[in-house]
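To start, the structure itself, in structure tokens.
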Amino acid sequence: MTRKSPGSVRFKMRFQQMLKKYGGRITLYLTGVVVLTFLAAWIFPPLKYYFTDIFRVREFQIQNVYYNNAAELKQALSPYLGKSYWGIDKKAIEKTAEAIPWVDRVAVRALPGSRITIVVQEKQPVALYRTAKGDIWIVDGTGSRIAAFTPAFSYRNFPVITCDEKELPFIVHKLEKIRMQDNGLFYSRLSELVVQKANEKWVCFLRDTPWKIYVDPFGSFQNVRQFLGVEKFIKSRYDNVDYIDLSFRREIVVKPK
């Protein structure tokens, strides 16, 4: 049995005495305030609109959107603006938000008021994919399309992959290994990746060099790291390079024009 402290017992007794003495009066005052508020709103309608307007949704605050355009999500949620907080269906908001292709899931956080916070978990982007028609799509680590590319998205610095779409999952999976090399230095400089067949050499185009870089997708990609170490030497030693072949595990082949 838990023994209560004398202080807590005294507080409880005083509180009970206060309620016994003033409880009826306090209840009467609160009831009067509520009744007068409703009467005032009935007699003076603008007052009713003032109170209801306090809880009308005016803003969606979007959090954790790093790669995509948050304005697209706000536009999708715009039909909920102007509605009363008490009449908002949070499940409906989540369903509307998660219908956007690049949204994995969302959490709706709201306190009574005019602002609702949407915490977003985006689908993880990996690269851009150019279709046979020339359209460019953002793809994730499984090779699935997330959304159509627009210059407004921060995906614009991702490499563009040109290949047969059925081989895209394999290519993206292998590309992730290059992404892990040397803090992603080679990956961040990769502007385009052209693959004729997934099990043959890939042609990589870097952002700051005209060379074609041939990479073996079944290799360990150690030659990529080796290439980064001797790249400056190659530039200084050869001024007429056509391509550089990294498809051999322990050898870099430089082909002059």
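The values are calculated or read from the model by the stated rules, or taken from the named source; none is laboratory data. Being a predicted model, the structure only gives us computed values, none of them experimental. As a convention, Cβ positions derive from the backbone with ideal geometry for all residues, glycine included, and neighbour counts pool all protein chains shown.
Data table
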quantity: Residue within the range 145-158 that is modelled with pLDDT of 90 or more, out of contact with any Gly (no Cβ under 7 Å at 6 or more places or on another chain), farther than 25 Å from residue 225 by Cβ and loosely packed, with under 15 Cβ neighbours inside 10 Å present; calculated: no
quantity: Cβ pairs under 6 Å, 6+ apart, first in the range 81-92 and without any contact (Cβ under 8 Å) to a residue 24 or more places away in the chain, second surrounded by 12 or more Cβ atoms within 10 Å (Cβ to Cβ) and not small (Gly, Ala, Ser); calculated: 90/108
quantity: Qualifying residues in the range 53-105 (those that are of a type outside the set (Ser, Thr, Tyr) and touching an Asp or Glu at 6+ places or on another chain (Cβ under 7 Å)) - the one farthest from residue 150 (Cα to Cα); calculated: 105
quantity: Checklist (1) within 22 Å of residue 75 (Cα to Cα); (2) crowded, with 17+ Cβ neighbours inside 10 Å applied to residue 172, failing item; calculated: (1)
quantity: Filter result (at pLDDT 90 or above and farther than 16 Å from residue 217 by Cβ) within the range 159-188; calculated: 160, 165
quantity: Failed item in (1) more than 30 Å from residue 140 (Cα to Cα); (2) surrounded by 15 or more Cβ atoms within 10 Å (Cβ to Cβ); (3) hydrophobic (A, V, I, L, M, F, W, C); (4) at pLDDT 80 or above, with residue 70 passing the rest; calculated: (1)
quantity: All strands (runs of 3 or more DSSP E) inside the range 118-203 with 3 or more residues being over 19 Å from the mean Cα position of the chain (by Cα); calculated: 160-162, 190-194
quantity: Check on residue 85, more than 30 Å from residue 204 (Cβ to Cβ), touching a Lys or Arg at 6+ places or on another chain (Cβ under 9 Å) and crowded, with 16+ Cβ neighbours inside 10 Å; calculated: yes
quantity: Qualifying positions in the range 116-143 - more than 27 Å from residue 95 (Cα to Cα) and not aromatic (Phe, Trp, Tyr); calculated: 130, 131, 132, 133, 134, 135
quantity: Total residues in the range 51-63, condition modelled with pLDDT under 90 and either touching a His at 6+ places or on another chain (Cβ under 9 Å) or within 13 Å of residue 118 (Cβ to Cβ) (or both); calculated: 2
quantity: Cβ-Cβ under 7 Å pairs, at least 6 apart or on other chains, the range 227-238 side touching a residue at least 24 places away in the same chain (Cβ under 8 Å) and at negative phi, far side among the acidic types (Asp, Glu) and assigned to a helix (DSSP H, G or I); calculated: 228/182
quantity: So residue 150, is it touching a residue at least 60 places away in the same chain (Cβ under 8 Å) and not assigned by TED's automatic domain parsing to the domain that holds residue 104; calculated: yes
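Residues checked against (1) among the small types (Gly, Ala, Ser); (2) modelled with pLDDT of 85 or more:
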residue	(1), (2)
75	no, yes
78	yes, yes
87	yes, no
114	yes, no
119	no, yes
